[in-house]
Amino acid sequence: MKVIVKAKFNASKELIEKFGNDKYLMYLPFAEDHEANFAIVVMLSRHMGVPPSKIKYSGLDVYKDRIFEVL
């Protein structure tokens, strides 16, 4: 299953909202860095009830949203 995540960094609190089919908006309380994808995977796994090892980062789409594959 393909999941699309639009990440908003430097938010005041950590929050995840689902909008549409397999699309999520994430508010993250830190700046974008090299560990951002891992933090998104952990947050997705908690929200979806899937182990983090079953979620793989696939890349960015044309809108700069992150694409993840849930195995």
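The numbers here are math on the coordinates, done by the rules we state, and not lab data. Predicted model only: the values in this text are computed from it and were never measured. All Cβ positions, glycine included, derive from the backbone under ideal geometry; neighbour counts span all protein chains shown.
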- [ ] For K56, list the aspartates and glutamates whose Cα falls under 15 Å from its own Cα; do not include residues on the same chain fewer than 8 positions away.
- [x] D22, E35, D65, E69
Task: Nearest-ten-degree value, helix 36-48 long axis tilted from longest Cα axis of the chain - done: 60
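At 222 nm, what helix-only mean residue ellipticity would the chain give, in deg cm²/dmol to the nearest 500, using -39500 (n - 2.57) for each DSSP H run of four or more?
-6000 deg cm²/dmol
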Task: Per DSSP, loop trypsin sites (Lys or Arg not before Pro) in region 1-41 with at most 14 further Cβ within 10 Å - done: K13
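Of all alpha-carbon pairs in the chain, indicate the percentage at a distance above 17 angstrom. Walk me through the numbers on the way to the answer.
Values: 869 of 2485 pairs.
Distances greater than 17 Å cover 35 percent of the Cα pairs.
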